[in-house]
Amino acid sequence: MFNETDYRPTRAIIDTTAVKHNVQRVISYLPNKTKLIAVVKSDGYGHGAVQISNAALEAGAEMLAVATPDEAITLRKHHHAVDILVMGPSPISFAKVAAEQGIMLTITSAAWVKQVNDQPQFDKKCKVHVKIDSGMGRIGVRTESELTNLTELINQSDHLSIEGTFTHFARADEKDAEPTRLQFKRFTQLVDCFPKKPRLVHASNSAATLMFPEYALDAVRFGVSLYGIAPSAAVEKKLPFVLEKAMSIETELAYVKKLPAGEQISYGGTYETEEDEWIGTLPIGYADGLKRSLEGQEVLIGGRRVPIVGTICMDQCMIKLPYEYPEGEKVILIGRQGDEEITIEEWAGRLGTIPYEIAVTFSARIPRVYR
């Protein structure tokens, strides 16, 4: 029986054993009572939310977190009992659905709570986490008066009940620890203003989990590093344990030709052969997530690095070969081959961005193969 991976040599290989390793290592690193929340938003950072959540839960994660209501609904179809938190804003209309499906929502404003309270009676209350903005400047309450007003409204509600509270660190991935220390101080000061301490208080993302274990609290939200990716170069230098990378991207040579000197390659003729050169064509392009600005980035073939030459096309790109390779030869864009390795972090450095963006850029057109 065929599936989509049989028809296209370009694929993302997802190592679920690596995910389990990362979960187990961070759990052993955390204080005994600290829970691990596996963050699987954006389809598990491009790795596949359902498959990654399966692996994370098997390895010891106790809760899942996503960004949007639709992501939570998808996960609930596969995980009927595990706690799921929607970390971003949700529409008023979703509150009743969340209550029915046992999905926890993030609350950021009194206006939202008032609108929910005006709705007809729910069969059960919706559990919520109050978001505190301790310095991210995105969503959440910032002052004691805001928090007091919000918690009073929730505690008086027939529709909602407070389950947790959390914040998000903006600069935990930097060398300077002071901004994160200040955020943690602001957060804990506001947590002390709750009439009753919420069951689950959490602040740390991947960077803070790895760099500031003293901020672990009741739970940590392990996101990008769940997939073996260091949040930044500063964090990578101080990792308390080895992260195993979960994603590799591979394809194969679709076409090979020898061109004489003076021949131009691809749109705009941005690359011109200087001598007789072997040029290979790969069936992957910017529609798959191989950004046009990655022209010049190296790939691996036969355990050696070779460059992408010419403008990257929507569906294909060209590479310069040291000599003739047979069509069908495996090519690694991200991953290890022989003694060489190309990482998502390498791509991020070349593009002047963060590894997170690279991971979620690979389109659904690339089949995910789980191992």
Residues of region 313-352 satisfying the condition of being at negative phi, assigned to a loop (DSSP other than H, G, I, E, B) and either touching a strand residue (DSSP E or B) at 6+ places or on another chain (Cβ under 8 Å) or surrounded by 14 or more Cβ atoms within 10 Å (Cβ to Cβ) (or both): CYS313, ASP315, GLN316, PRO322, TYR323, GLU324, TYR325, PRO326, GLU327, GLU329, THR343
Here is a list: THR151, THR143. Which entry is touching a strand residue (DSSP E or B) at 6+ places or on another chain (Cβ under 9 Å), among the hydroxyl-bearing types (Ser, Thr, Tyr) and on the phi < 0 side of the Ramachandran plot? THR151
Would you mind listing the strands (runs of 3 or more DSSP E) fully within region 247-309 where at least 2 residues are closer than 29 Å to GLY48 by Cβ? 247-252, 277-282, 298-301, 304-309
Note on ASP173: of the conditions (1) surrounded by 17 or more Cβ atoms within 10 Å (Cβ to Cβ); (2) assigned to a loop (DSSP other than H, G, I, E, B); (3) free of Cβ contacts under 8 Å to residues at least 60 places away in the same chain, unmet is (3)
Mind checking whether some residue in region 136-149 is farther than 19 Å from VAL220 by Cβ, touching a helix residue (DSSP H, G or I) at 6+ places or on another chain (Cβ under 9 Å) and either without any contact (Cβ under 8 Å) to a residue 12 or more places away in the chain or assigned to a loop (DSSP other than H, G, I, E, B) (or both)? yes
Are there any pairs with C-beta distances below 6 angstrom linking a residue in region 9-22 that is of a type in the set (Asp, Glu) to a residue that is not in a helix (DSSP H, G or I), with the two at least 6 apart or on different chains, and if so which? ASP15/ALA246; ASP15/ARG371
Yes or no: region 48-67 includes at least one residue that is closer than 30 Å to PRO283 by Cα, in a loop (DSSP other than H, G, I, E, B) and either at pLDDT 95 or above or not aromatic (Phe, Trp, Tyr) (or both). yes
Here the residues within region 242-265 that are without any contact (Cβ under 8 Å) to a residue 40 or more places away in the chain, among the hydrophobic types (A, V, I, L, M, F, W, C) and loosely packed, with under 15 Cβ neighbours inside 10 Å are ALA261
Would you be able to tell me the number of residues in region 24-45 that are over 15 Å from LEU75 (Cα atoms), in contact (Cβ under 8 Å) with a residue 60 or more places away in the chain and outside any helix (DSSP H, G or I)? 6
Within the bounds of region 179-198, is there any residue that is closer than 19 Å to LEU85 by Cα and surrounded by fewer than 16 Cβ atoms within 10 Å (Cβ to Cβ)? yes
Residues (among the basic types (Lys, Arg) and either buried (at least 21 other Cβ atoms within 10 Å of the Cβ) or assigned to a helix (DSSP H, G or I) (or both)) located in region 199-230: ARG221
Please verify whether ALA359 is part of a helix (DSSP H, G or I), surrounded by 15 or more Cβ atoms within 10 Å (Cβ to Cβ) and either free of Cβ contacts under 8 Å to residues at least 12 places away in the same chain or assigned by the TED database to the domain that holds TRP278 (or both), treating the condition exactly as stated. no
Residue set GLU244, GLU252; condition within 18 Å of the chain's Cα centre (by Cα), over 20 Å from THR108 (Cβ atoms) and not aliphatic (A, V, I, L, M); output residue GLU244
Matching option when the condition is modelled with pLDDT under 95, under 20 Å from ALA203 (Cα atoms) and in contact with a helix residue (DSSP H, G or I) (Cβ under 8 Å, 6 or more places away or on another chain), among VAL224, VAL220, VAL235: VAL235
Please determine whether any residue of region 101-116 is within 22 Å of SER42 (Cα to Cα) and in a helix (DSSP H, G or I). yes
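The values are calculated or read from the model by the stated rules, or taken from the named source; none is laboratory data. Note that the structure is predicted; figures quoted are calculated from it, not measured. Here the Cβ is made from the backbone with ideal geometry for all residues, glycine too, and neighbour counts use every protein chain on show.
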